[in-house]
1. Just check chain A against the gyration tensor rule for me: Cα atoms, a ≥ b ≥ c as the square roots of the eigenvalues, rounded for a/c under 1.5, and otherwise prolate or oblate depending on whether a/b exceeds b/c.
2. Rounded to the nearest 100 Å², what is the buried accessible area between B and A, both sides summed, probe 1.4 Å?
3. Between rounded, prolate and oblate, where does the range B:305-344 land on the alpha carbon gyration tensor, with a ≥ b ≥ c its root eigenvalues, rounded for a/c under 1.5, else prolate if a/b exceeds b/c?
4. Which entries in B:224/B:314; B:73/B:135; A:105/A:213; A:71/A:213 show an alpha-carbon gap greater than 20 Å?
5. Output the residues of the range B:221-267 meeting this criterion: accessible area (heavy atoms, 1.4 Å probe) in the chain alone minus accessible area with all protein chains in place is 50 Å² or greater.
6. How far is it, in nm, from the label point at residue A:119 to the one at residue A:211 when both lie 7 Å from their Cα along the line to the Cβ?
7. By how many degrees, 0 to 90 and rounded to 10, does the Cα axis of helix A:2-23 deviate from the longest principal axis of chain A?
8. So how tilted is helix B:167-188 from the main axis of chain B? Cα-based, degrees 0 to 90, rounded to 10.
Amino acid sequence: MLHLYNRYSLLLSFTIVLCFSNTVSAQTSKTSFGVKIAYNATIIYPGFLIGVECPVKRIVVTRHRMNGSVKHFDKLRFLSADLGYYHHRNFHDNLYLLAGWVMRKQRPRGFFTEFSPAIGYSRTFLGAETYHIAKSGTITLHKFAGYNYAIAAIRGGFGYAFRPSTSAYFRASLLTMFPSNNLLYLRPTLELGIIWRPSHFLETRPQISSNSKGKIP
Amino acid sequence: MKNTMKMLFLATLCYSCQKEDITIGLHADDTFYFESGGISMRVLVRGNTASNTFLVLVHGGPGSSSFGYDTPKMAEIVASECAVVFYDQRNAGASQGNKNVANDNLDQYADDLKGLIKLLKLRYGQDLNIFLMSKSFGGMVGSAFMTKDNNQDLVKGWLFVNASHNYGLNDSLTHQKLLDASREHLAAGIKIDSWKPIFDYCQNNLPGPFTAEQSLKLNKLGWKAQEIIEGMEPYDYNVIHDNMITEDIPLTSYYLGRTNAGARNFNASLTPIKFSAELHKVTVPVLVCFSKLDFVCPEGLGVDFMSHIGSSDKQMLIFEKSAHHFEEQDAYYNAFVNFIIRHQ
């Protein structure tokens, strides 16, 4: 049952990503998916995160300022699918899958900031051997004990695209897992990683539009 | 992708490899979990397991955790003589699980404790000398456990320390102690701004069967009174802060457990529970420790406990410069050790 649940969560996440990538195939050149690899630490507890981000939309914004200067930046929108993991000694190991919506603002020089809500599924593995005590009093060692949780995350960070295909980024997340102990469990995490956009990798056609703000003097 | 997922899954499982970790020695440090009634509760066994004597700490709350008891003095005085079992009750500390509201009752807490003792015997030997130490709300758990069936046969002795076995009586005693102390301080003109709200609340909420809300309020005022009362031995430990990294304390779980418990219906359900009339069933040796300056579990609870307990081997100690924590740590822990050595 658990394996099925796992499999369905995976399928669902990737189906969402792929569906969206098809529906927005509209106007311009193809863009590859981004591949994300990060060190995913929960303060001092190590982990990793791998994921993909599917470009959905690019809005080229031009802002005219009162002093006559012009500012350009891109608003980029992605659908993301991430597999995260962290190890908290003696507490638990957590393997989680998140499907998210990434809102990124990228400046011409490559600096970007982003905000991303996400939802998904988490499976924890308790941090030490676990015994199951039945109502009858029978005690058995429970291998791979842990719990399934729904998970929601809000994430925000910044980064720098030092090549057209490669960016480094830092992101802070707050994971909310529920139901946990009759309520919820909160977990802050920090990611430090790279986003690599290999050529011709799962290409899609993001919708491109432009937006001009402010009065032209 | 499928293979990658499999690899990651296997790597995770290997990383969190769950072989049994059982230490018999002078400096054991074993962590394990036990799953009972839908929750997995964390257990840390620390100290002298070779002594064959285990002191199980039944912490307060509900929703507090055993992390707070793991002080250097506890290690130095108690864990050198016997193994100390720090366990987090359901929905507290590092315990983990999903929804378990149906099992959030005192009877289940007692079953959890029984399960833990059986597990300790399974891991460390059937001939273990087990002692219980109930603190605060742990007194309710201890009373539920000790008065049920023949559970007391599993333990050699019971340390009842700054604990409650009767929430109704607890509220009345806290109310009276707050009223007396606030009246005395106001008359003497000492810390009037701090004592006046306490006095006003107690004057406006006269004793009777207190509601769950009144009970919580009295508890909060009890803590407040302990912050402003004079004559207490300084307590130097901020255990959670000091041990946060070294003990891998899951901070959010710890704090959510504490705040969550206050709001839970379970806390309200405890208000009418009284074990005074059932304590005559308990015949194992008991050590009763209370503090003169404890407003949360006043010493009157100890007097009631002593008058109802069925044990013939019973002793009550009063600590003059302590409140609800073990402020006079040396005195408390030496009393624990002396009692354990005498009865193991």
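The values are calculated or read from the model by the stated rules, or taken from the named source; none is laboratory data. For clarity, every value in this text was computed on a predicted model and none was experimentally measured. Using ideal geometry, Cβ is built from the backbone for each residue, glycine included, and neighbour counts are taken over all protein chains shown. Ligands, DNA and RNA are stripped out before the accessible areas are found, and what is left, the full protein with its side chains, is counted by its heavy atoms. Shrake-Rupley method; radii C 1.70, N 1.55, O 1.52, S 1.80 Å.
1. It is prolate, given that a/c is not under 1.5 and a/b is the larger ratio.
2. That pair hides around 4300 Å² of surface in total.
3. Cα axes put the range B:305-344 in the oblate bin.
4. Correct reply: B:224/B:314.
5. Residues meeting the cut-off: B:248, B:252, B:256, B:260.
6. Going from the residue A:119 label point to the residue A:211 one covers 2.4 nm.
7. Around 10 degrees separate the two axes.
8. 50
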